[in-house]
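Some notes on the structure that comes next.
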Amino acid sequence: MNPLLRLLGIILLCASASAWAGGHAYITNQGSDSVSVLDVTNHKVIATIAVGKAPVGVAVSARLGRVFVSNVEEQSLSVIDSNTQRVISTIAIKGAPVGVALSADHSQVFVANWFDDQILRFDSTSLQPLGSLSVGKAPAGMIASPDGQWLYVANRDSNDVAVINTKDWNISARVPVGAHPFGLTLRRDGKQLYSVNVYDNSLTIIDTASLQTSSVKVGEHPYCVALSPDQRRLFVTNTQGDDVTVIDVASRQVLTSIDVGGYPEGISASDQHIFVANWFDDTVTVIDPDTLNVISTISTGKQSRAFGQFIDTSLP
Amino acid sequence: MKKLFALLAMALLPLSAAAHGPSPQKVEKSVTIKAEPAKVWALVKDFGNMQAWHPAVASTKLEKKGEDTFRLLTLKGGGTIYEKLRSADDADMKLKYEIVEGVLPVADYNSFITVKAGPGAGESTVTWVGRFYRVYKLNPPIPPGQDDASALNAVNGVYDAGLANLKKVAEGK
């Protein structure tokens, strides 16, 4: 290869790596109508972005260089360019947009319209609406299977998880879970799905092939769940326990609980650490998933929620 | 105090705690009391005697249902609030409770009160924290009295009046 071209290639690679959205956590701050952007390596706030009123849900796409944020009280979706950390578009969404998620290939963004019992679909690039579907009562957390075939939706007020076939957008199954499922996450291989059941203080483990379930007791009034980078442990935020329950995936046993800030809500993993948004304390707690020590507490905006996958660890 | 009664009387319909709005609200209030923490905690943890320190409460009726403890507060301005005890932890001096139903214009209300020693010798710091939602669960237009401001005003009023009087009672004034 021409040495000059090679050098140019290296420069381009470095430039794209520095702007990689996977290196950042996007924390929605309900009380300050903003998003705090954290560097997941040095645990510093690198930007604060003004969005709409009472932001809650978030989905991050490293490959698109975009972040989608639902502003529930403003009834809108903010689209952030993660290279410039600026809002590039705002989509009006009548109702109560809460949950936000991306399709497996990131070509579509899904918004759960809580009070209208609907999922809205948008093209993630053109931002044009693609359609909507009704799935159950008060849809909350959503996550797409890595093969692109399924979208899982936690229906908070139906006490089930809907399995939606993304070919025709029909509901393929509704899996009963505990009372008030809110947050969802999925193994990278798509084989196990986890639902956090707020009123039952439990986590439901769903085998995505058989749709068989089992459950594990967690702490008080749990909201959200994340897997450790090595997929061996689950971390569940307990909003009224001010702690995080740690579960061993293989044995389905609770290992311990870790004290974090007040009313922890959203939780996501970088390729090294677990990040927890503490609604009451206006902070993010960073946990080492191996030692289970709190290694950092970062001041964010007011009433941090960060509901959804607020870090994208996939390469752009 | 009169303002607080008026505020509470505004919403005399029993409110459901099951459905709530999308954005939780918070109130956190603290007071320093010139009394030993043990004395202050004894007042706070006495779940069946809230009228002993809260000026808006006329009487408290304690109820046991199996393992669970509830109290029915009858307010001086009219109306009731029915609350469930979540925990009363003597080691941490922390009382946790939630509203089952009542006249406060809030939904899904949960709260805790802590008593800590300090800042001075023989002093206590009491902190009362609440997390709750407005009554109206949908987005605007929101009916009057069911919005975030109404919920926040009511809880601020309850906490301010309660902590001020708890200080008076504990200090023996």
**Q.** Solvent exposure, largest accessible area first (probe 1.4 Å, DNA, RNA and ligands not counted), of B:71, B:86, A:121
**A.** B:86, A:121, B:71
(Q) Using a 1.4 Å probe and counting only protein heavy atoms, how much accessible surface gets buried when B and A come together, both sides summed, in Å² to the nearest 100? (A) 2000 Å²
(Q) Give me a comma-separated list of calculated 3J(HN,Hα) values for the range B:113-119, in order, Karplus coefficients 6.51, -1.76, 1.60 applied at θ = phi - 60°, integers in Hz, x for any Gly or Pro. (A) 10, 10, 10, 10, 6, x, x
Q | Expected 222 nm ellipticity per residue - DSSP helices of 4 or more, -39500 (n - 2.57), all of chain A, to 500 | A | -1500 deg cm²/dmol
**Q.** Centre separation in Å (Cα based) which lies between the range B:61-86 and the range B:94-173
**A.** 16 Å
Q: Would you mind pulling out the separation of the Cα centroids of the range A:270-316 and the range A:99-138, in Å?
A: 25 Å
Q.
I'd like the accessible area for residue A:142, computed on protein heavy atoms only with a 1.4 Å probe and all protein chains in place. Round to 10 Å², please.
A. 20 Å²
Q. What net charge do the residues around residue A:134 carry, taking every other residue with its C-beta under 15 Å from that of residue A:134, with Lys and Arg at +1 and Asp and Glu at -1?
A. -1
Q | Value of [θ]222 nm, deg cm²/dmol, for chain B, DSSP H segments ≥ 4, -39500 (n - 2.57) each, nearest 500 | A | -7500 deg cm²/dmol
Q: Using a 1.4 angstrom probe, figure out how much accessible area the range A:34-95 has per residue, in square angstrom, rounded to the nearest whole.
A: 37 Å²
Q: Over all alpha-carbon pairs in the range A:21-136, figure out the percentage whose distance exceeds 16 Å.
A: 55 percent
Q) By how many degrees, between 0 and 90 and to the nearest 10, does the Cα long axis of helix B:148-170 differ from the longest principal axis of chain B? A) 20 degrees
**Q.** Solvent-accessible area per residue for the range A:175-244 (1.4 angstrom probe, square angstrom)
**A.** 33 Å²
**Q.** Debye intensity ratio in log₁₀ form over the Cα atoms of the protein assembly as shown, taken at each q of 0.06, 0.07, 0.12 Å⁻¹
**A.** -0.29, -0.39, -1.06
Q: Please give, to one decimal in nm, the separation of the simple spin-label points placed at residue B:101 and residue B:64, each 7 Å out from Cα toward the Cβ.
A: 2.5 nm
Q) For the residue pair residue A:172 and residue B:149, what label-to-label distance in nm results when each label sits 7 Å from Cα along the Cα-to-beta-carbon direction? A) 4.9 nm
Q. Straight-line reach from residue A:94: which aspartates and glutamates have a Cα under 15 Å away, not including same-chain ones fewer than 8 places off?
A. A:73, A:74, A:116, A:117
**Q.** Virtual spin-label span in nm between residue A:88 and residue A:253, 7 Å along Cα→Cβ
**A.** 4.9 nm
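In the P(r) worked out for the range B:2-170, what percent of Cα pairs fall beyond 30 Å?
15 percent
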Q. Which value, in Å³ per residue, describes the convex hull spanned by the Cα atoms of the range A:21-299?
A. 108 Å³
Q: Among the listed pairs B:45/B:84; B:29/B:116; A:167/B:137; B:76/B:168; B:96/B:173, give every one whose C-alpha distance is greater than 23 Å.
A: A:167/B:137; B:96/B:173
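Ignoring any ligand, DNA or RNA, what whole percent of the accessible area of the range B:2-170 comes from carbon and sulfur when the probe is 1.4 angstrom?
56 percent
The values are calculated or read from the model by the stated rules, or taken from the named source; none is laboratory data. Please read all numbers here as calculations on a predicted model, not as lab measurements. Positions of Cβ are backbone-derived with ideal geometry, glycine not excepted, and every protein chain shown enters the neighbour counts. Side chains included, ligands, DNA and RNA excluded: accessible areas come from the protein's heavy atoms. Shrake-Rupley method; radii C 1.70, N 1.55, O 1.52, S 1.80 Å.
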